[in-house]
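To keep things clear, I will list the structure first and then write my remarks on it.
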Amino acid sequence: MYIIIVGLGGIGRNLAKQAIEHANNVVVIDQDEARCSEVLEHYDVLAVTGNATDKTTLEEAGIDRADALIATTSDDAVNLMTCWLAKKFRVPNVVSIVNQSSHSDFFKEVGVRISENPDELVASRLYYWTQNPQLQQLASIPGGTIFEIVAEQGAPIVGHEIRELKVKDFVFIAIRRTGGELIIPSGNVKIQPNDIFTVFTKKEAEDDCLRLLNKQLKKSAD
């Protein structure tokens, strides 16, 4: 694929690294010449110094043959304008981060796939980990989150059937048991100590979901 990455902050640099490792042709755009020079020292990319909201800069980056454009700057206005131009150039796949969730609708109106507020997502993940040491977030996807959580020895729900577990706005995808046994959950499966639940929850219900599960799956829960 021919991928254009706009913005060489932490996200942009890491995206460039991943895209190159997967054998893509990568072009990066940033207004900071030093950032462009630095990325050239480490990766085999084409680096364009300029403003991605300028059509000339995008044309220099090869926008007419791009398979994807990813906007990663900290300025939502720049990201939105860049994505709008990419759509005008008929780039098949246009993706952007959105730094302020209140701006999300603008990107959706343009038809851009978005990842909302990356700083907030990281902060949320770190908080969940401090509150739930055994919690492992597997993926953050549009509309929700997939994570793993362990049923602790002595937890209120251990020894009970799954049908007795109080649930709200989430579904179990699978249960992994000590020894590697994988169970597709049904109502009559009894929960055992150290069962690892893979759970999907809607984004807006994450806090309630974890609070509800913790009360039932953690020994020390209130």
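Against the definition (at pLDDT below 95 and more than 21 Å from the chain's Cα centre (by Cα)), how does residue 120 come out, yes or no? No. In segment 54-78, the residues that are more than 19 Å from residue 14 (Cβ to Cβ) and free of Cβ contacts under 8 Å to residues at least 60 places away in the same chain reach residues that are open to solvent by 30 Å² or more (accessible area, probe 1.4 Å) and among the basic types (Lys, Arg) with C-beta atoms within less than 9 angstrom, at least six apart or across chains, in these pairs: 55/88; 63/55; 64/90.
Restricted to segment 1-81, the set of helices (runs of 4 or more DSSP H) holding at least 1 residues that are surrounded by 15 or more Cβ atoms within 10 Å (Cβ to Cβ) and within 25 Å of the chain's Cα centre (by Cα) comprises 10-21, 33-42. In the set 125, 177, 163, only one residue is open to solvent by 40 Å² or more (accessible area, probe 1.4 Å) and at pLDDT 85 or above; that residue is 163.
Look at (1) without any contact (Cβ under 8 Å) to a residue 12 or more places away in the chain; (2) within 22 Å of the chain's Cα centre (by Cα); (3) closer than 23 Å to residue 17 by Cα and you find that residue 97 fails only one, number (1). Reported count of residues in segment 180-193, each being open to solvent by 80 Å² or more (accessible area, probe 1.4 Å) and more than 22 Å from residue 144 (Cβ to Cβ), is 4.
The values are calculated or read from the model by the stated rules, or taken from the named source; none is laboratory data. Since this is a predicted model, take the numbers as computed values, not measurements. Here the Cβ is made from the backbone with ideal geometry for all residues, glycine too, and neighbour counts use every protein chain on show. The area values use the complete protein model at the heavy-atom level, side chains included, leaving out ligands, DNA and RNA. Shrake-Rupley method; radii C 1.70, N 1.55, O 1.52, S 1.80 Å.
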